[in-house]
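The values are calculated or read from the model by the stated rules, or taken from the named source; none is laboratory data. Note that the structure is predicted; figures quoted are calculated from it, not measured. Positions of Cβ are backbone-derived with ideal geometry, glycine not excepted, and every protein chain shown enters the neighbour counts.
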Amino acid sequence: MPRPWRPFAAAKCCTVEDHVILGNLSRCRPSRSQFSKKKVAELASFRRLSSSDLSGASSARFNEELAHSFGAGLHAFQLSELRKITHDFSSNYLLGEGGFGTVHKGYVDDRMRPGLKAQAVAVKLLDMEGRQGHREWLTEVIFLGQFRHPHLVKLIGYCCEDEERLLVYEFMPRGSLENHLFKRISATLSWGTRLKIAIGAAKGLAFLHGSEKPVIYRDFKTSNILLDSDFTAKLSDFGLAKMGPEGEDTHVTTRVMGTHGYAAPEYVMTGHLTTKSDVYSYGVVLLELLTGRRAMDKNRSKSEEKLVNWAKPYLTSSRKLRCIIDPKFGGQYSIKGARQVASLALQCISPNPNDRPRMSAAVQILEGLRHLKDMAVNSGAWPATPIAGRNAISAKTKMNNLANARRRSISTKLA
């Protein structure tokens, strides 16, 4: 029987897949060797802790393990320091909120830590009663503590003090891709900018998939793609990341976790996770960039609720594709580029994982579209005047004609 969809769990005890582990920090805490790069594949063994499992002394030992593993690569902040730079996590400095808790803006100066430059930062404050817990926090520290890449958000440091769990990242001034695509307050992203974002996000995934031991991101979506001042895309939130299969294994079997509309169908049905699961999610994001529609939108009719199901019939024909292109482009998009992106998206969302391309191949395809200048509005493939505007002009003209006819009729009768 297929497994039903299960949202993020908020277990009160330490859980690893289907096993329940009880005990104190010394039992749940990974050993020093498990933090080494050679042992990163054992991340799946990290357990979630309940608040009662932690004490000040245990947290101190825990910090020692992290400091030994990452050295100067990450900074261990004190809670008092993070309170200070965020004005006690003031709502005036709130950047966002999610299942993990809240994110606040702060500013560190170069006197706070040796080797730490003055900069704006984003401080994620974990809500231990929320949908993500210590295990997700630790997973993120491990992955981003090791990996450095232009298209991954940089983790600057962390705080593990008593039961508090915090992460400190570089500040991304343009926020998430989700906000730019779907919030009315944001200016429309141009075709060139969307293509740049798609390439950057693809490079981030390609890096993870191509590492010595492949990493499966598992929660690729627009809200986890952050943008810097130049709209360079960087992947964030690695709490659900998993190491990929090793040796002769073809997949990793795990609990189904993620976001409706983005998760690959075979993963939802079986719990079998591969790098091709990320490729499917990437294809969904490509469709969001093309259409300006959300992966799941319950405000739409049943037939249009799920973006993949609605868009799929339009992706094989240039004439049909024009019907689903985001109208906010106003015709300022490449016809050939849109056709290629649609074709790539269709491959990515294939029901058969083996038919989906590697992310490295997706990067090559998208890189080749940057030079295209065949804008739809210049080729006559898009009306110079928006349809809504033309209809409004037509209606106004009809009203004027009717009024003139009435005046002529009245004049004739008077005469």
Report task. Quick one: in the range 77-129, of everything that is among the polar types (S, T, N, Q) and part of a helix (DSSP H, G or I), which residue is nearest to Glu140 (Cα to Cα)? Result -> Ser80
Report task. Restricting attention to the range 216-241, report how many residues are among the β-branched types (Val, Ile, Thr) and buried (at least 24 other Cβ atoms within 10 Å of the Cβ). Result -> 2
Report task. Check whether at least one residue in the range 153-173 is closer than 30 Å to Pro327 by Cβ and aliphatic (A, V, I, L, M), and report yes or no. Result -> yes
Report summary line: Among Ala187, Ala206, the single one that is of a type in the set (A, V, I, L, M) and within 18 Å of the chain's Cα centre (by Cα) is Ala206
Query raised in the report: For the range 182-229, which residues satisfy the criterion of being among the hydrophobic types (A, V, I, L, M, F, W, C), in a helix (DSSP H, G or I), modelled with pLDDT of 95 or more and closer than 18 Å to Gly261 by Cβ?
Result: Ala198, Ala201, Leu205
**Report entry** Unmet requirement for Lys336, which otherwise passes all of (1) assigned to a helix (DSSP H, G or I); (2) over 26 Å from Ala206 (Cβ atoms)
**Finding:** (2)
**Report entry** Total residues in the range 291-307, condition over 16 Å from the mean Cα position of the chain (by Cα), closer than 21 Å to His180 by Cβ and not in a loop (DSSP other than H, G, I, E, B)
**Finding:** 2
Query raised in the report: Would a scan of the range 334-348 turn up a residue that is out of contact with any helix residue (DSSP H, G or I) (no Cβ under 6 Å at 6 or more places or on another chain) and of a type in the set (Lys, Arg)?
Result: yes
